[in-house]
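Chemist: Here's a structure for you.
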Amino acid sequence: MRLTRIVLIAVVLFAAWPVMADEMEGMQMTPDTMQALKDKVKADKKLVVSANMNLTDAEAKKFWPVYESYQKDLEGINHRMANLIKSYAEAYSNDTLDDAKAKKMVNGAVSIEGAELALKKQYLPKLSKVLPEKKVARYYQIESKIRAVVRYELASAIPLAE
């Protein structure tokens, strides 16, 4: 359980990085440092998934390539969300959030949520081919819990539009 919390905190920090980057200007965060953090988060998340999936050797051999592919596709969605949050943070801090920008951002957020749902639907048959349905459900639960914590942390850190 302790490891799960550590991973979740790391995931939150990574997801919130674009918003925090401007505030941490004085820190030595090079592209290499950022890549190392990103790699660590990925490795820790994979460790949490592994520890909670209870895969047999045969299941693991088939599951991990699907997992890696899903994570790669999910990274694109995460990148879109990070860019949206960064845009909102800039508009909020510069007091330039008008109705047109707000509408564009809401539409962007809904589009991102739709893309995430479409990705889950796309991978459901792939996962069902390599895992029993209970383990497919377990995997989606693990992903959902991690993403829920990230969303909660982001929601609590992002001020309401004014």
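The values are calculated or read from the model by the stated rules, or taken from the named source; none is laboratory data. A quick note: this is a predicted structure, and the numbers were derived from the prediction, not measured. Positions of Cβ are generated from backbone atoms using ideal geometry, with glycine treated the same way; all protein chains shown enter the neighbour counts. Just the protein is used for accessible areas: all its heavy atoms, side chains included, with ligands, DNA and RNA removed. Shrake-Rupley method; radii C 1.70, N 1.55, O 1.52, S 1.80 Å.
Chemist: Calculated FRET efficiency, Asp98 and Arg147, Cβ-Cβ r, R0 41 Å, to nearest 0.05?
Modeler: E(calc), rounded to 0.05, equals 0.85.
Chemist: Quote the convex hull volume per residue of the stretch 109-162, based on C-alpha atoms, as a whole number of Å³.
Modeler: Dividing the Cα hull volume of the stretch 109-162 by its residue count gives 66 Å³.
Chemist: Where does each of 119-132, 81-94 land if you order them by average Cβ count within 10 Å, highest first?
Modeler: 81-94, 119-132
Chemist: Follow-up question, since we're still on this one. Which distance in nm do the two modelled labels at Glu113 and Ala58 give, with both placed 7 Å along the Cα-to-Cβ direction?
Modeler: 4.1
Chemist: Further, regarding this structure: Computed from the mean reciprocal separation of all distinct C-alpha pairs, what Kirkwood hydrodynamic radius does the stretch 28-162 have, in Å?
Modeler: Over the stretch 28-162, the inverse of the mean reciprocal pair distance is 17.0 Å.
Chemist: Quick check on my link table: of Lys72/Lys134; Lys62/Lys145; Lys42/Lys101; Lys40/Lys126; Lys45/Lys103, which ones sit more than 30 Å apart, alpha carbon to alpha carbon?
Modeler: Those over the limit are Lys42/Lys101; Lys45/Lys103.
Chemist: For the full complex of protein chains and a 1.4 angstrom probe, list Tyr70, Tyr140, Tyr152 by accessible area with the highest value first. Let's see the in-between values first.
Modeler: Details: Tyr70 5, Tyr140 40, Tyr152 150 Å².
Greatest to least solvent exposure: Tyr152, Tyr140, Tyr70.
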